[in-house]
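The values are calculated or read from the model by the stated rules, or taken from the named source; none is laboratory data. The model shown is predicted, which means the values in this text are computed figures rather than measured ones. Heads up, the Cβs are rebuilt from the backbone with ideal geometry, glycines too, and the neighbour counts pull from every protein chain shown. The accessibility values were calculated without ligands, DNA or RNA, using every heavy atom of the protein model including side chains. Shrake-Rupley method; radii C 1.70, N 1.55, O 1.52, S 1.80 Å.
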Amino acid sequence: MPKFKRIAIKIGSNVLTHKDGTLDTERMARLVDQIAQLRGQGIEVILISSGAVASGRSALKLEKEPDPVSARQIFSSIGQARLINEYYELFLKHGIYCGQVLTTKESLSTRGHYLNQKNCIAQLLQHGVIPIINENDTISVTELMFTDNDELSGLVATMMDAEALIILSNIDGIYTGNPADPASQIIREVDYNQDLAKYIQTTKSSFGRGGMLTKTNIARKVAAEGITVIIANGKKDGILTALMNEDSDTLCTVFMPSKREVSSVKKWIAHSESFAKGEITINETASKVLMSEKASSILFVGIIAVSGDFEKGDIITIKDFEGNAIGVGKAQYDSRKMTQFMGHKGLRPAVLYDYLWIN
C-alpha cells in the first residue's frame, strides 16, 4: 500500500452500531485511536461518518413511529448530537479537536456552494481539526437526499483532493459470490474500469441506506478520478493502521486509480449526476466521438433531443443515440435555446469539454 498524505475515511452505520441499533462506543473509541495514530504519522484525515439515525432510533423509543420522513428527521436530530459528542470526547483524549460539517445534496449542487464547503473543510484541516462530515438528514428528504454516505464520501474525497478513500463496511470487501459462501473469494485488486456487476450482492445494509452495489459504483468513479479506493472491514481491530502500513497484506478490495489528470471542475461535474435538471440526447457520430479518447465539446449539430426545464449553468445528463446515460455536463444554454438550436451548425458548444464528464 503506498504512503498517503491525505485520506478520506467513510464509516458505515453497521460498523458503528450493535445489532440492536445502539451506538457501539467501544468500536468508535478504537477507530478514533487509530485515526490519532495516523495523524501522528503525518496523515491528514477527513472523516465521513454515518450512524446518526441509528443512534437516535436506539435512544428515543416512540410509542408510535411517525411516517418515514418525519422519523428520519427526529432520529437524526437526536442521534447526530449523540454521535458528534461521542467523537468530540474521544478525540479530545488524544489532544485533537474535531469539527462537525453537516451538508446536503442541494448545498453541493452549485459550483459556488461546492467551493464554500471545500474552503470550510480545508480551513479545518489547516488548523489541525478533523472534519467529521455527515448528511443533514433533518432537512434532506426523498429526492433531496444522497443515495447514501458512500456517495457523499466519494464527492468529499474528490473535492478535497484526497489520495485515498477508505470505505469501512462490515465485510472485508467484494467477493466473487455471497460472502457467507465458503467458496467465495475476496477480490483483492480491481482496475477502475473493470465491470464487477456479476459479483455484487444487491441487498442493502441493516441500518444504512446503501449496499455493496453503491459502494462499488462510487469506488469505480472515484478511482477513475485518480484516487485509490479501499473497501475493508471496519469491525476488525486495527484495520486503519494495518491498511496504511506500506507492507500491508490486509484483507480488503483495492480499486486502482486512473493515471489521468482530472481538473477540480471535472471532479465536481463527475459527482453531479444526481443534480441534473434535464437531459440531452446526441446522435451516433457525436456519441462515438465522446466515447473516444479525443477531447471534445458537445456541439448543437450532434444533439437530437432535449428534455427537462433547465437554465444556463445547470447540470444536465448526456445520453447517447440509444438512450443510455453516458455522462453529465454543465449547460451553456437554457432548455429553450437548446431545443431551438439543436441540429444547427456554426454555433458555440452546448456543453464545453472543460465542464463535461463522460463515464
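Being touching a strand residue (DSSP E or B) at 6+ places or on another chain (Cβ under 7 Å) and β-branched (V, I, T) is the filter; apply it to segment 214-247 and report the residue that is nearest to V32 (Cα to Cα). Per the criteria, the residue is I239.
When you scan segment 1-28, how many residues do you find that are closer than 23 Å to V229 by Cα and at pLDDT below 85? Residues in segment 1-28 being closer than 23 Å to V229 by Cα and at pLDDT below 85: 3 in total. Residue check: is V289 open to solvent by 40 Å² or more (accessible area, probe 1.4 Å), farther than 24 Å from E163 by Cα and in contact with a His (Cβ under 8 Å, 6 or more places away or on another chain)? So V289 does not fit the description; no.
Each row is one residue, and each column tells you yes or no for (1) hydroxyl-bearing (S, T, Y); (2) in contact (Cβ under 8 Å) with a residue 12 or more places away in the chain; (3) part of a strand (DSSP E or B); (4) surrounded by 19 or more Cβ atoms within 10 Å (Cβ to Cβ).
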| position | (1), (2), (3), (4) |
| --- | --- |
| K3 | no, yes, no, no |
| I7 | no, yes, yes, yes |
| V15 | no, yes, no, yes |
| D33 | no, yes, no, no |
| G42 | no, yes, no, no |
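In segment 297-333, the qualifying residues are those that are in contact with a Phe, Trp or Tyr (Cβ under 6 Å, 6 or more places away or on another chain) and farther than 18 Å from T110 by Cα, and the one that is least open to solvent (accessible area, probe 1.4 Å) is F300.
Looking across segment 202-245, the residues that are part of a strand (DSSP E or B) and modelled with pLDDT of 90 or more come down to T228, V229, I230, I231, A232, N233. Scan segment 87-112 residue by residue and report those that are over 25 Å from L155 (Cα atoms) and of a type outside the set (A, V, I, L, M, F, W, C). Passing the criteria: E89, K93, H94, G95.
Table: residues versus (1) surrounded by fewer than 21 Cβ atoms within 10 Å (Cβ to Cβ); (2) touching a residue at least 60 places away in the same chain (Cβ under 8 Å).
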residue: A54; (1), (2): no, yes
residue: L60; (1), (2): yes, no
residue: I74; (1), (2): yes, no
residue: G79; (1), (2): no, no
residue: L115; (1), (2): yes, no
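Residues that are among the aliphatic types (A, V, I, L, M) and closer than 13 Å to G278 by Cα number at least 1 in the following strands (runs of 3 or more DSSP E) confined to segment 303-359: 303-308, 315-319, 325-330. Annotation note: of T285, T317, T281, T339, the sole residue that is of a type outside the set (D, E) and out of contact with any strand residue (DSSP E or B) (no Cβ under 8 Å at 6 or more places or on another chain) is T285. Between a residue in segment 333-348 that is free of Cβ contacts under 8 Å to residues at least 24 places away in the same chain and any residue that is open to solvent by less than 40 Å² (accessible area, probe 1.4 Å), which pairs come within a Cβ distance under 7 Å, given they are 6 or more apart or on different chains? The qualifying pairs are Y333/A350. Here A350 passes the criteria (1) more than 25 Å from the chain's Cα centre (by Cα); (2) open to solvent by 30 Å² or more (accessible area, probe 1.4 Å); (3) aliphatic (A, V, I, L, M) except the one numbered (2). Taking the listed residues E273, E261, the one that is open to solvent by 30 Å² or more (accessible area, probe 1.4 Å), within 24 Å of N193 (Cα to Cα) and in contact with a Ser or Thr (Cβ under 7 Å, 6 or more places away or on another chain) is E273, with no other qualifying. Within the span defined as segment 255-267, every residue fails to be over 26 Å from the mean Cα position of the chain (by Cα), of a type in the set (G, A, S) and assigned to a helix (DSSP H, G or I). Only residues that are crowded, with 17+ Cβ neighbours inside 10 Å and either at pLDDT below 90 or in a loop (DSSP other than H, G, I, E, B) (or both) were counted across segment 83-101, and they come to 1. Considering only residues in segment 85-142 that are of a type in the set (K, R) and within 16 Å of the chain's Cα centre (by Cα), the one that is nearest to S263 (Cα to Cα) turns out to be K118. Each residue in segment 121-139 was checked for being more than 26 Å from A54 (Cβ to Cβ), part of a helix (DSSP H, G or I) and open to solvent by 30 Å² or more (accessible area, probe 1.4 Å), and 3 of them qualify. Scanning segment 278-293 for residues being of a type in the set (S, T, N, Q) and part of a strand (DSSP E or B) gives a total of 1.
Name the single residue that is nearest to I78 (Cα to Cα) among those in segment 17-31 being open to solvent by 20 Å² or more (accessible area, probe 1.4 Å) and assigned to a helix (DSSP H, G or I). The selected residue is T25.
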